[in-house]
Structures are given as C-alpha cells and as structure tokens.
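Let me begin by presenting the structure, written as structure tokens, before commenting on it.
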Amino acid sequence: MITPLKFERVTARGLRNLHPTELDFSPALNVFLGDNGQGKTSLLEGLCVAATGRSFRTDQIREVIQSGSAGLSVSVQVNDDGFCREQSVTIGAKGRQASIDGKRVASMAAYATHTPIVVFFPDDLDLVTGAAATRRSLLDRIALYTNPISQEWRLAYVRALRHRQRLLEKSCDDARALHAFEAIIVEQGQNYARAHSEAAQSLCRHLTEIFDVLCVHSLSLEVKFAGVELANAEAYRQELVKRRAGDRHRKRPSLGPHRDDLHLSLGGRSARHHASQGQQRLLALAIKLAELKCIQVARQAHPILLLDDVVSELDLQRTVSVFEWLRDTDSQVFLSTPRQDVISALAITKKEQRTFSVADGQIQHKSCP
C-alpha cells in the first residue's frame, strides 16, 4: 500500500514578503489566489524550505529571509499515514538548522528526503529548453530516492574530478596523483553513471504515458538518455589518460556522467528547438509529474505536489487536461494562480478544496464561490 503524505499546517516567520503566517490545509487541494508579487510563490517556497531545507527559487538560502528580518523560521506539521511529525527549519546568524519533532537532524541530505515533495514553477521550462545540467539535476533527484547512496557516489566523483582537473591545469606531471584520482573517478563514475541510467529508465517509463494524457492533440514524444558507456573499468581509465592533454587545454573534463543528458523530441523534432512554448511548458510539467511518479514508486509514498502558476500560457483544452490529471492523483496539491477563472475550472477535480486569497503578503482562507 502506498503511504499518503499531507501537510496539515504551516507556520512561517520572516519569509520573503509574507506577514507572520499560520495556515491549516485541505488534505487534497489547496489553491492560493492573488495578483503577481503578492506572496503566493513565497508561501510555496516556504513549504519547500520546511520540507527539504532548500528553496526552489535560489541556491542562496539566505535570500529567503525577509528584508530587515534577523532570520527565518518555518515549520510544517506532516501527517504520514496517520502518524504526525513536525519538521522545522530556521535560518539565522548560526546558519541553517533543521529539526524533526524538536531534534536536530544529522544531515540536510537526510532531512531533504524525509517528506518527498515535487515542485513545478515557471523556471522549470529549462527542463526542456535549458542546458543539460538542469536535466542532470532532475536525474540526481530521482536517483536520490531510487538509490539513496547515489549522492555519496556523485560527491566522491565530483571531488576527484575537480582534483584531477586542478592538477592538469597546473601542468602537473605527478603521474601517481593523477592515477589515484582517476582510479576514484572510474570507480565512483561507474556507480554514478549507473544511477543516472536507472533514474532515466524510471523517468522514461512514466513520462511518455503522462504526456499522452496531458497532450490533447496526438503528438509523439521520444525520450533518449544520452550517456557514455562506462561498463569496462580499464577502458574508462585508459580513456581518461588519453584525454589528459585535451582536458588541460579545454579547462574542463570531457568524459563521464557529469555530461549525461536527456534528449527530448516531439513529433520527431527537437522539443528544445522546434516545439511551441505551450508544448514546451506542457512537456516540462509532464516531466515533473513523471518525477513525482518515480518517487512514489521508489518510496511507496505519495509525494506532495507544489504547482506555481501551472496553467499560465496553456490553452483551455490543455488546462482541462491538467485538471483532470489532478482529479485522479492521490497526492496532496498546492496550486498558486493569479487567475480567478481557475477556481471555477478546478471544480472538475471534485476534490476537497481550500482556497486562500493572497494580497500584500497576507494570506486568508476564503470560501469557494
């Protein structure tokens, strides 16, 4: 049986432009309605910080702190299959601290996967149109759930890769040191590459099916994992040796899973270069929903879904298809939108719903029309 996960309540102080906030949520669908710049995305960001210790908007976590505030405190009460816990994150003079039921956690990595969430926000269009690094980060997130030790493999691989590159750029001929780092690169690189490949296989299994559901017009999607075959350790090591001069000249390593990518095609043409903006946005959303499905299968739990302005630039038919998907999901959903008409359209989901109005950093529960 797949475990339900729900945010029951959030309490936030010092978060972006929001006033001190305490809200209770529906276990099914929660909608935040307001004009742009009023605090809708900040609320979703606060939920993400409370659940993972990280923001989906910035890598600089202190940017989340309200201007003029000494720090940030945000906590969520989580219902995990009937068992409740409180997850809290504070950011202040002593840095970032996270706790579960009042007890400090050993590591932020362990904290970040305790309550699985998936976030979609406008910048996720980069999953289709952006650089390969964005899609590799997607594979890293999936691998973290399907094979938790993959993060250790990735960190060890990246550290060894950086040390090797520094030696090369210093024109260091210390063959012993280069050999030592390349041995680590081969061992951890093979593990990391395997984790990417398995994550890509999991993603592909779900992505084409979800895109077919969301796409109202018949349009074939092809997803191809682009990774180098690294099964033979000795061949991998020898290739690293051969590429030393080239990597020194390029000032970057040219071989390994740090260059993996996903190639996305619609109707036989590159989605990055030829798809319309609406098609790209729908595909990016499908990728995030496939990520949710991957995590659900790996963790046997329904991840919580945060959707920031998800139906922007989607036509009516595609909007309806998205809401029909929401109707059928067992995940708790948080959706922000500036469009009043979305509230009425969401009636198609027939889910228990709470709607909140957001204005000037204040969030209030309102009755559905």
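The values are calculated or read from the model by the stated rules, or taken from the named source; none is laboratory data. Worth saying up front: this structure is predicted, and the values here are computed from it rather than measured. Virtual Cβ from ideal backbone geometry, glycine too; neighbours counted across all protein chains shown.
Residue check: Tyr111 meets all listed conditions (1) of a type in the set (Ser, Thr, Tyr); (2) touching a residue at least 40 places away in the same chain (Cβ under 8 Å); (3) not assigned by TED's automatic domain parsing to the domain that holds Arg9 but one, namely (3).
Any idea which residue in the stretch 321-369 is farthest from Cys215 (Cα to Cα), counting only those that are touching a His at 6+ places or on another chain (Cβ under 9 Å), in a loop (DSSP other than H, G, I, E, B) and of a type in the set (D, E, K, R)?
If we take residues in the stretch 321-369 being touching a His at 6+ places or on another chain (Cβ under 9 Å), in a loop (DSSP other than H, G, I, E, B) and of a type in the set (D, E, K, R), then Asp360 is farthest from Cys215 (Cα to Cα).
Out of Ile100, Ile142, one residue alone is touching a Cys at 6+ places or on another chain (Cβ under 8 Å), under 30 Å from Thr3 (Cα atoms), surrounded by 14 or more Cβ atoms within 10 Å (Cβ to Cβ) and hydrophobic (A, V, I, L, M, F, W, C). It is Ile142. Applying a threshold of 8 Å to beta carbon distances and a minimum spacing of six or more residues, or different chains, the list of pairs starting in the stretch 234-251 at a residue that is farther than 16 Å from Ile185 by Cα and ending at one that is polar (S, T, N, Q) and at pLDDT 95 or above reads Gly246/Ser254; Lys251/Gln165.
Residues in the stretch 305-340 that are among the aliphatic types (A, V, I, L, M), over 19 Å from the mean Cα position of the chain (by Cα) and closer than 11 Å to Gly278 by Cα: 1 in all. Annotation note: Cβ proximity below 6 Å between a residue of the stretch 338-364 that is closer than 12 Å to Ala28 by Cα and a residue that is among the acidic types (Asp, Glu) (sequence gap 6+ or interchain) occurs for no pair.
Hey, does the stretch 121-129 have a residue that's under 23 Å from the mean Cα position of the chain (by Cα), on the phi < 0 side of the Ramachandran plot and of a type in the set (Val, Ile, Thr)?
Looking for residues that are under 23 Å from the mean Cα position of the chain (by Cα), on the phi < 0 side of the Ramachandran plot and of a type in the set (Val, Ile, Thr), one finds at least one in the stretch 121-129, hence yes.
Looking across Glu86, Glu45, one residue alone is in the same structural domain as Ser26 (by TED's automatic domain parsing), within 30 Å of Cys204 (Cα to Cα) and among the acidic types (Asp, Glu). It is Glu45. Screening Ser137 on (1) touching a Phe, Trp or Tyr at 6+ places or on another chain (Cβ under 8 Å); (2) among the polar types (S, T, N, Q); (3) surrounded by fewer than 20 Cβ atoms within 10 Å (Cβ to Cβ); (4) at pLDDT 95 or above shows it passes everything except condition (1). Does Gln201 fit the bill of being within 16 Å of Lys293 (Cα to Cα), in the same structural domain as Ser276 (by TED's automatic domain parsing) and either without any contact (Cβ under 8 Å) to a residue 40 or more places away in the chain or in a helix (DSSP H, G or I) (or both)? So Gln201 passes the test.
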